[in-house]
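Here's the structure, in structure tokens; my notes come after.
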Amino acid sequence: QVPLVESGGGLVQPGGSLRLSCVVSGSIARVGSVAWYRQAPGKERELVAGLTATNTAGYGHSVQGRFTISRGDIKDAGYTVVMQMSALKSPATAVYYCNAPYHLARPPGETWGQGTQVTVSS
């Protein structure tokens with residue numbers, strides 16, 4: 001069972017919106033905290049948004065006010081973490097990764113998803 005599985009990436013025009021989902025399952029789901037990171041070509045990986053076990057959200061400066069992270073469907077096997085992205089700009093083009101566990105102001109957790117490509121282009 002793959003603990004983190006992302007979906008929802010694709011091609012979107014500048015100014016458009018996209019919704020990414022991360023299905024969290026297995027033992028990592030019990031921690032309850034998940035983050036989204038992204039990595040653009042030639043750039044370092046950066047934190048986009050994180051959600052703690054108590055549903056406190058944190059955001060990177062570049063996405064503040066335009067992206068929203070939330071917990072979606074909760075099932076016995078785990079849950080979904082959704083990131084709604086609005087007013088997208090071309091610098092948002094990157095591979096987006098789900099990561100756990102997430103802790104405010106700390107390095108990424110040990111578990112990564114396979115990533116989903118987001119391309120912002122006209």
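Structure above, values below:
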item: Residue list for the range 12-42, restricted to those being out of contact with any Gly (no Cβ under 9 Å at 6 or more places or on another chain), open to solvent by 70 Å² or more (accessible area, probe 1.4 Å) and within 22 Å of S86 (Cβ to Cβ); result: Q13, P14
item: Only one of G16, G65 that is closer than 30 Å to S122 by Cβ and touching a residue at least 60 places away in the same chain (Cβ under 8 Å); result: G16
item: Residue, farthest from W112 (Cα to Cα), within the range 44-65, restricted to residues that are in a loop (DSSP other than H, G, I, E, B) and open to solvent by less than 50 Å² (accessible area, probe 1.4 Å); result: V63
item: The lone exception for G9 - which of (1) over 20 Å from S122 (Cα atoms); (2) open to solvent by less than 40 Å² (accessible area, probe 1.4 Å); (3) within 15 Å of the chain's Cα centre (by Cα); (4) not aliphatic (A, V, I, L, M) it fails; result: (1)
item: Among the residues listed as I69, I74, the single one being closer than 27 Å to Q1 by Cα and either open to solvent by 70 Å² or more (accessible area, probe 1.4 Å) or acidic (D, E) (or both); result: I74
item: Looking only at the range 82-109, and only at residues there that are touching a Gly at 6+ places or on another chain (Cβ under 7 Å) and assigned to a strand (DSSP E or B), the one that is most open to solvent (accessible area, probe 1.4 Å); result: Y97
item: Tally of residues being on the phi < 0 side of the Ramachandran plot and surrounded by fewer than 19 Cβ atoms within 10 Å (Cβ to Cβ) across the range 110-122; result: 8
item: Tally of residues being at pLDDT 95 or above, among the small types (G, A, S) and under 24 Å from N55 (Cβ atoms) across the range 93-122; result: 2
item: Strands (runs of 3 or more DSSP E) (entirely within the range 1-43) containing at least 3 residues that are in contact with a Phe, Trp or Tyr (Cβ under 8 Å, 6 or more places away or on another chain); result: 18-25, 34-39
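The values are calculated or read from the model by the stated rules, or taken from the named source; none is laboratory data. As the structure is a computational prediction, the values presented were derived from the model and not from experiment. When we count neighbours, we look across all protein chains shown, and the Cβ atoms used for this are built from the backbone with ideal geometry, even at glycine. Side chains are part of the model used for accessible areas, which takes the heavy atoms of the whole protein and leaves out ligands, DNA and RNA. Shrake-Rupley method; radii C 1.70, N 1.55, O 1.52, S 1.80 Å.
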